[in-house]
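Down below is the structure, laid out as structure tokens.
The values are calculated or read from the model by the stated rules, or taken from the named source; none is laboratory data. Please read these numbers as outputs of a predicted model, since none were measured by experiment. Here the Cβ positions follow ideal geometry from the backbone for every residue, glycine too, while neighbour counts run over all protein chains shown.
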Amino acid sequence: MASAAKNRFKQDEKRRDSDHVSFLKHRKFRWLWIALALSAATIAGYALIDQQPRPNGGTWYGYTLGTIGLALIVWLSLLGVRKRRINPGAWSLKAWTSAHVYLGCSLVVVGTLHTGFQIGWNVHTLAYVLMLLVIATGIYGVVVYATLPASLSANRREMTRAQMLEALTAIDRQLESAAQPLGRDEADLVIAALEQDTFHGGALARLTGRYPRCATARALRGMDSGSEAATRVTALLEKRRNQLAQIRGALRIRALLEVWLFVHIPLTIALIAALAAHVISVFYYW
């Protein structure tokens with residue numbers, strides 16, 4: 001009983017420690033070493049084969065690499081299916097993600113040597129180019145997920161999205177009251193700022209963080225600080241601009257975290273379709 005409880009405690013402690021390890025460092029970079037070994041073996045095999053012309057997709061070695069590459073691409077594309085499964089099973093999500101990243105990068109070597117460096121205007125090259133694009137977008141995804149969450153946390157300053165919006169609402173209530181003594185033109189500027197949608201600007205504005213039509217910034221530029229009321233409204237507009245900057249900063253980081261999926265996933269689907277055409281055409285003309 002005591003021994004079983006002790007073993008269970010050690011397993012739980014080991015699991016907790018592994019939870020804090022990045023998927024890139026999973027099991028001491030296990031999948032990085034496997035990917036490097038696969039790449040090295042592929043290069044060595046290509047270099048040691050003594051034949052002319054050099055191996056390409058139509059040779060036995062080319063078919064071998066093509067089969068390995070196809071199997072890897074199909075398996076790696078199943079990461080989305082694994083994410084939807086609740087039970088960790090023999091393959092934890094962290095392990096699968098680690099393998100997805102490193103084995104995906106090894107496809108650059110496997111796929112390139114499979115082509116035998118024969119590039120042309122055909123479905124075979126299309127599949128190869130799509131594979132490189134999928135890998136490139138995947139690398140972008142790894143980079144942003146490794147760097148941007150810390151920026152998102154710093155931007156929020158321990159505030160949730162709801163709390164940031166509540167802070168903006170509180171400033172708006174103060175502005176609405178403070179703008180009452182203003183003249184018509186200045187009051188219209190404040191009203192336009194209050195009525196503008198917080199999330200205006202579209203996808204491009206979220207990605208770049210630039211809002212050239214920001215009504216709050218326009219109200220600040222048009223405010224005359226000659227009166228006491230205008231001075232107070234100016235101070236509140238500056239607070240509103242800063243709060244908007246915090247919200248928009250969070251939106252931008254979130255957009256940068258998510259936008260690559262809108263490219264990576266469609267490219268993966270296109271790659272699988274091109275691979276199907278590639279395989280069918282190879283066996284049709286075999």
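What the table shows:
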item: Elements of type helices (runs of 4 or more DSSP H) contained in the range 180-264, each with 1 or more residues being closer than 30 Å to Ser77 by Cβ and of a type in the set (A, V, I, L, M); result: 202-208, 228-258
item: Test for Ala215: is it farther than 11 Å from Leu182 by Cβ, touching a Phe, Trp or Tyr at 6+ places or on another chain (Cβ under 6 Å), aliphatic (A, V, I, L, M) and surrounded by 13 or more Cβ atoms within 10 Å (Cβ to Cβ); result: no
item: Condition met for Ala146 (among the hydrophobic types (A, V, I, L, M, F, W, C), at pLDDT 90 or above and surrounded by fewer than 16 Cβ atoms within 10 Å (Cβ to Cβ)); result: no
item: Flag if Ala245 is within 22 Å of Tyr140 (Cβ to Cβ) and among the small types (Gly, Ala, Ser); result: no
item: Sole exception among (1) under 23 Å from Trp33 (Cβ atoms); (2) outside any helix (DSSP H, G or I) for Trp121, by number; result: (1)
item: Enumeration of residues in the range 228-281 that are surrounded by 15 or more Cβ atoms within 10 Å (Cβ to Cβ) and either of a type in the set (S, T, N, Q) or in contact with a His (Cβ under 8 Å, 6 or more places away or on another chain) (or both); result: Thr234, Gln243, Gln246, Thr268, His278
item: Residues of the range 172-186 satisfying the condition of being farther than 15 Å from Ala235 by Cα and out of contact with any helix residue (DSSP H, G or I) (no Cβ under 9 Å at 6 or more places or on another chain); result: Arg184
item: Test: residue in the range 161-179 that is touching a Gly at 6+ places or on another chain (Cβ under 9 Å), exposed (fewer than 15 other Cβ atoms within 10 Å of the Cβ) and in a helix (DSSP H, G or I); result: no
item: Within the range 112-131, considering residues that are touching a residue at least 40 places away in the same chain (Cβ under 8 Å) and aliphatic (A, V, I, L, M), the one surrounded by the most Cβ atoms within 10 Å (Cβ to Cβ); result: Ala127
item: Only one of Ala95, Ala90, Ala136, Ala99 that is part of a helix (DSSP H, G or I), at pLDDT below 85 and out of contact with any Leu (no Cβ under 6 Å at 6 or more places or on another chain); result: Ala95
